[in-house]
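Here the structure is laid out as structure tokens; the discussion comes afterwards.
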Amino acid sequence: MILILSSNTDQQGADYQQLTAHLAGLPGIQTRVHVERGAEQALTEIYLIGNTKTLDIVSMQSLPCVERVVRVSEDYRILGRHKDDQRPTHFVYNGVRFGQDTLNVFAGLCAVDNREHVEIMLKAVHDNGQVCTRMGAYKPRTSPYAFQGHGKNCLPYVFELAGQYGIKVMAMEITHESHLNEIREALHQTGNPTGVMLQIGTRNTQNFELLKIVGRQTEMPILLKRGFGITLDESLNAAEYLASEGNRNVVFCLRGMKTNMGDPHRNFVDFAHVPVVKRLTRMPVCVDPSHSVGSRAASPDGILDMMHVTAQGVLAGANMVLVDFHPAPPKALVDGPQAMLLKELPYFLEDVQIAREAYLKRVDLAARYNNS
Ligand code: PEP
Ligand code: MN
């Protein structure tokens, strides 16, 4: 059960003290307090954990400071959608809104290889009117002998160039607590020219200790990839780990499932789950066509499979697209064969726009039909 308190509730005030004293007296119930500080107001929520079935909504609603009570019906207590739940389905980071109602494209390098490629990529992103990108500095690789990413050494120039080209948010995977500290330090040293969305890769979806560490910081939002060999429920619980530690600015990314049933695609594309995740949780949903499809194969209509699946995800209401581009794919140190070409960026964005407009028309149509 979640008690949503009146905005700007004073935790030192007598009413609040009375409320917490009452809650402390409830047998078998523990509480966890979460404060969300917006620009104008602070919103306090108290999570009641334990046997809440015996608690009556009306009497809980009458307690001091309590504005609304939500009975949690699913496992995903914080990020889930519950009955009569009007909590927000968006957040704003570094001036960019991420919500179940928006769409952001993160086109960029799978892995940073050199400064020149980073600059060419960021300039293209900027020239095409975009403010988000992807830039991998820490790469989890199947082979220990494969390129592992430049790590902290590339961060200063990546962040400085991002600032120069007006990039507001870059998705960057981390696999260890030390990476989080290195990113923080490099951002600080370069004067915070850009923002970072911390990416948890599919190989780490259930790395619970990493999730707890990343969830405990709240300055940067998190992009959690769905685990490639676990159930959707297990992946959504992984997202809930982040939120339960304090960070609820989480975007959930579908990136395909590992099974030979998806052949010849690299992974079995799971973008039919976009509306499912939006229904079960309040998280914005991202699709990653690059790691799902994994090649530049095209169909007889001349459209790349990666663009087809992107359109399918966007048409189903996706809120973010994470996609690999590279200025010279044969020279890329990671995932060159699935990189889109820079000259394809305006084409890709226009195609995404067509799908987005079609999605918005479908929403209008559904509203008209459902209200008639
Ligand atoms: C990536 O986005 O660079 C990546 C490694 O993705 P995934 O974790 O989905 O394989
Ligand atoms: Mn990759």
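The values are calculated or read from the model by the stated rules, or taken from the named source; none is laboratory data. Everything numeric here is computed off the predicted structure, so don't read it as measured data. For neighbour counting, all protein chains shown are included, and Cβ atoms are generated from backbone atoms with ideal geometry for every residue, glycine included. Heads up: the accessible areas ignore ligands, DNA and RNA and are worked out on the full protein's heavy atoms, side chains in. Shrake-Rupley method; radii C 1.70, N 1.55, O 1.52, S 1.80 Å.
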Could you look at the chain and say what percent of its accessible area is carbon and sulfur, using a 1.4 Å probe and all protein chains?
51 percent
Probe 1.4 Å, protein heavy atoms only - accessible area per residue of the chain in square angstrom
45 Å²
Kindly provide the pair-distance distribution of the range 269-312 built from C-alpha pairs, with 10 Å bins from 0 and whole-percent values in order of increasing distance.
28, 45, 22, 6
So Ile29 and Lys212, fully extended at 0.36 nm per residue minus their Cα-Cα distance, gain in nm 63.6 nm
Would you be so kind as to identify which of Pro193, Met306, Met121 lies farthest towards the positive end of the dipole of the chain, taking Lys and Arg as +1 and Asp and Glu as -1 on Cβ and the Cα centre as origin?
Met306
Taking amide hydrogens as modeled 1.01 Å from N in the peptide plane, which residues meet the under 5 Å criterion relative to Phe325, leaving out close sequence neighbours?
Gly108, Leu109, Cys110, Met340
Could you work out how far helix 115-127 tilts from the main Cα principal axis of the chain, as a 0 to 90 degree angle to the nearest 10?
70 degrees
With viscosity set to 0.890 mPa s and temperature to 25 °C, compute the Stokes-Einstein D of the range 148-270, Rh being the Kirkwood radius across alpha carbon pairs; µm²/s, no decimals.
161 µm²/s
Simple label model, 7 Å out from Cα along Cβ direction - Ala146 to Asp84, nm:
5.1 nm
Apply the Karplus parameterisation 6.51 cos²θ - 1.76 cosθ + 1.60, with θ equal to phi minus 60°, to every residue of the range 313-324 and state each ³J(HN,Hα) to the nearest whole Hz, in sequence, with x for glycine and proline.
x, 5, 5, 8, x, 4, 10, 7, 10, 10, 9, 7
Computed from the mean reciprocal separation of all distinct C-alpha pairs, what Kirkwood hydrodynamic radius does the range 27-66 have, in Å?
11.7 Å
Let me have the relative contact order for the range 2-71, percent, based on Cα pairs under 8 Å that are six or more residues apart.
47 percent
Just tell me which lysines come within less than 24 Å, Cα to Cα, of Lys123; anything on the same chain fewer than 8 places away is out.
Lys139, Lys152, Lys168, Lys331, Lys343
Arg368-Arg279 FRET efficiency (beta carbon distance; Förster radius 25 Å; 0.05 resolution):
0.75
Using 0.36 nm times the number of residues separating Leu55 and Asp127, minus their current alpha carbon distance, what extension gain do you get?
20.3 nm
Would you kindly work out the equivalent ellipsoid of the range 57-162 from its C-alpha gyration tensor and give its semi-axes, the square roots of five times the eigenvalues, largest first in whole Å?
43, 19, 12
Taking the dipole about the Cα centre of the chain, with the C-beta of Lys and Arg at +1 and of Asp and Glu at -1, give me whichever of Ser372, Ser178, Asn249 is farthest to the positive side.
Ser372
Å³ per residue enclosed by the Cα convex hull of the range 215-372
152 Å³
Kirkwood Rh in Å, taken over the range 108-191 so that all alpha-carbon pairs contribute
13.0 Å
For the range 234-291 versus the range 98-147, the gap between their alpha-carbon centres in whole angstrom
19 Å
Over the Cα atoms, compute the radius of gyration (one decimal) and Dmax (the largest Cα-Cα distance, rounded to a whole number) for the range 2-71, in Å.
11.7, 37
Between the helical axis of 177-189 and the dominant principal axis of the chain, each derived from Cα atoms, what acute angle in degrees is found, rounded to the nearest 10?
80 degrees
May I ask you to work out the translational diffusion coefficient for the range 92-370 at 10 °C, viscosity 1.306 mPa s, via Stokes-Einstein with Rh from the Kirkwood sum over Cα pairs, reported in whole µm²/s?
85 µm²/s
For the range 53-58, 3J(HN,Hα) per residue [Karplus equation, 6.51 cos²θ - 1.76 cosθ + 1.60, θ = phi - 60°, Hz, x = Gly/Pro]
4, 7, 7, 9, 4, 5
Mind checking the dipole of the chain: about its Cα centre, +1 per Lys or Arg Cβ, -1 per Asp or Glu Cβ, Debye to the nearest 20?
340 debye
Quick one: net charge of Glu173's neighbours, Cβ under 10 Å, K/R +1, D/E -1?
+4
C-alpha long axis of helix 14-24 to longest principal axis of the chain, angle in °:
90 degrees
Of all chymotrypsin sites (Phe, Trp or Tyr not before Pro) in the range 312-372, the ones in DSSP coil with at most 15 other Cβ atoms within 10 Å are none
How high is the FRET efficiency between Gln17 and Leu349 when r is their beta carbon distance and R₀ equals 41 Å, given to the nearest 0.05?
0.15
Anchor Lys53: lysines whose Cα lies under 18 Å away (excluding residues fewer than 8 positions away in-chain)
Lys83
Of Val96, Leu43, Leu23, which is farthest on the positive side of the dipole of the chain, counting Cα position, with +1 on Lys and Arg Cβ, -1 on Asp and Glu Cβ, and the Cα centre as origin?
Leu23
Relative contact order for the chain, counting Cα pairs under 8 Å that sit 6 or more residues apart, in percent:
14 percent
Over all directions, the average projected area of the alpha-carbon convex hull for the range 247-338 comes to how many nm²?
7.2 nm²
When only Cα pairs under 8 Å and 6 or more residues apart are kept, what is the percent relative contact order across the range 105-158?
40 percent
With no other cysteine's Cβ closer than 4.7 Å, which Cys residues of the chain count as lacking a disulfide-compatible partner?
Cys65, Cys110, Cys132, Cys154
